[in-house]
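Trainee: I have a structure here, written as structure tokens, and I will follow up with some questions on it.
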């Protein structure tokens, strides 16, 4: 499938490499050219410097034929806006959004976004590990 | 009315001051400590320090009983999310967003924001009104439709001068509602003959806007 990733931080770059290694076509968008260097010189996908909340930029990167869009910049609101553009204007079949704020995560899930909150997931993992250890000690 | 203003920059500050003077209950939400202190000394205790895009801050501000939320920060994506959270989570009846990039106007409308204000668009339309040109100035778009009210001034030597309105070859779904001649509005009939210098206020669907422009500025 063809996946457009907005945000080339640690998560974006890693996701891009995973997808490319699995044989998918990937395009990565970031406002900073420095961030795109994370992908290394061997990266076979497309890269573009620009804003994912800009309709023209999205069009140029081929959002219209994308099977999926992932918004993983540091900014919750930027991710939310770009995802809504991808979903409602370009009708991308699968749109995933990273939202740190758990309350905003719930709100936009209710509005139909597939939202992932690293805050909620991270806390859950830590909690499970901590409480499991405790129960192991009790055993 | 209880009005929440998100963003305490210049726009937010002067807006809040006017709204307070009109007797409204107003709360400004601003994240910068310095700005909060400045505004509090000017406006009194109507400023809450915090990020208006954090739902917990909106809850603290009593957003669930707000009549209007106006988002006027310098970032379009923040303004969009503030309005959406206010509307969906706190059931605020009316949300208004400032738009910095005019291209975002359509996106905001599509995503359910009640009204948008784009200072760039406003300045552009003023420039277009000041400079005689072949451009049609969009005045208002009717809410929840693609019907626009536009204004076009017939230039000197316009081939349409002397043409009766009924003979004008208008695109479908377009009407000339008012003709402004020498500052006086005329409600035209089919027999009204156009003159150079007339300002035509017309209604049209966005899809026919370009055809309408070509009709008004046809060259011979």
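Trainee: Along each of its three principal axes, how wide is the spread of alpha-carbon positions in the range B:159-220, in whole angstrom units, largest first?
Mentor: Computed over the Cα atoms, the extents are 30, 24, 19 Å.
Trainee: Please give, to one decimal in nm, the separation of the simple spin-label points placed at residue B:147 and residue B:164, each 7 Å out from Cα toward the Cβ.
Mentor: 2.7
Trainee: Connecting C-alpha atoms closer than 10 Å in a GNM of chain B, tell me which of B:195, B:84, B:22 has the biggest fluctuation.
Mentor: Fluctuation is largest for B:22.
Trainee: Counting only helical runs of four or more DSSP H residues, what would the 222 nm mean residue ellipticity of chain B come to if each run contributes -39,500 (n - 2.57) and the total is spread over all its residues?
Mentor: Working: 7 runs with 71 residues, N = 220.
Result for chain B, helices only: -9500 deg cm²/dmol.
Trainee: Please determine, in degrees from 0 to 90 and to the nearest 10, the orientation of helix A:118-138 with respect to the longest principal axis defined by the Cα atoms of chain A, where the helix direction is its Cα long axis.
Mentor: The helix A:118-138 is inclined about 20 degrees to chain A.
Trainee: Then there is this: Could you compute the FRET efficiency for residue B:20 and residue B:182, with r as their C-beta to C-beta distance and R0 at 35 Å, rounded to 0.05?
Mentor: Working: r = 41 Å, r/R0 = 1.18.
Efficiency, from the Cβ-Cβ distance: 0.25.
Trainee: Take the alpha carbon gyration tensor of chain A, find the square roots of its eigenvalues, order them as a ≥ b ≥ c, and report rounded if a/c is under 1.5; if not, report prolate when a/b exceeds b/c, else oblate. Kindly include the intermediate steps, with their values, before the conclusion.
Mentor: On the way: a/c = 2.30, a/b = 1.57, b/c = 1.47.
Judged from the Cα gyration tensor, chain A comes out prolate (a/c at least 1.5, a/b above b/c).
Trainee: Then there is this: As an exercise, use a Förster radius of 30 Å and the Cβ-Cβ distance of residue B:67 and residue B:120 to find the FRET efficiency, rounded to the nearest 0.05. Could the numbers behind the result be given before it?
Mentor: Numbers: r = 28 Å, r/R0 = 0.92.
Working from the Cβ atoms, E equals 0.60.
Trainee: A further question on this structure: What is the distance in Å between the Cα centroid of the range B:200-220 and that of the range A:103-132?
Mentor: Distance between centres, Cα-based: 52 Å.
Trainee: Expressed in whole Å with the largest first, what are the equivalent ellipsoid semi-axes of chain B derived from the C-alpha gyration tensor as the square root of 5 times each eigenvalue? Display every interim value, and only then the final one.
Mentor: Values: eigenvalues 376, 60, 41 Å².
Three semi-axes, in Å: 43, 17, 14.
Trainee: Could you let me know the centre-to-centre spacing of the range B:3-48 and the range A:14-46, using Cα atoms, in angstrom?
Mentor: Using only Cα atoms, the two centres lie 44 Å from each other.
Trainee: Let me ask something else about it. Can you give the log10 of the normalised intensity I(q)/I(0) at q = 0.14 Å⁻¹, computed with Debye over equal Cα scatterers of the protein assembly as shown?
Mentor: -1.15
Trainee: Please build a GNM for chain B, connecting alpha carbons under 10 Å apart, and tell me which residue among B:80, B:156, B:194 fluctuates the most.
Mentor: B:156
Trainee: With a point put 7 Å past each Cα toward its Cβ, work out how far residue A:10 is from residue B:196 in nm, to one decimal.
Mentor: It works out to 7.0 nm between the two label points.
Trainee: Another question about this same structure. Which values of log₁₀ I(q)/I(0), to two decimal places, follow from the Debye formula for the range B:2-120 at q = 0.15, 0.21, 0.22 Å⁻¹ with a uniform point scatterer at every Cα?
Mentor: Treating every Cα as an identical point scatterer, log10 I(q)/I(0) equals -0.58, -1.14, -1.25.
Trainee: While we're on this one: Compute the long axis of helix B:33-43 from its Cα atoms, compare it with the longest principal axis of the Cα atoms of chain B, and write down the angle in degrees, 0 to 90, nearest 10.
Mentor: Orientation of helix B:33-43: about 70 degrees from the principal axis.
Trainee: Using only Cα atoms and rounding to the nearest 10 degrees, what angle (0 to 90) does helix B:76-90 make with the longest principal axis of chain B?
Mentor: Once rounded, one gets 70 degrees.
No lab work stands behind these numbers, since they all come straight from the coordinates. Quick caveat, the model's predicted, so the values are computed rather than measured. As a convention, Cβ positions derive from the backbone with ideal geometry for all residues, glycine included, and neighbour counts pool all protein chains shown.
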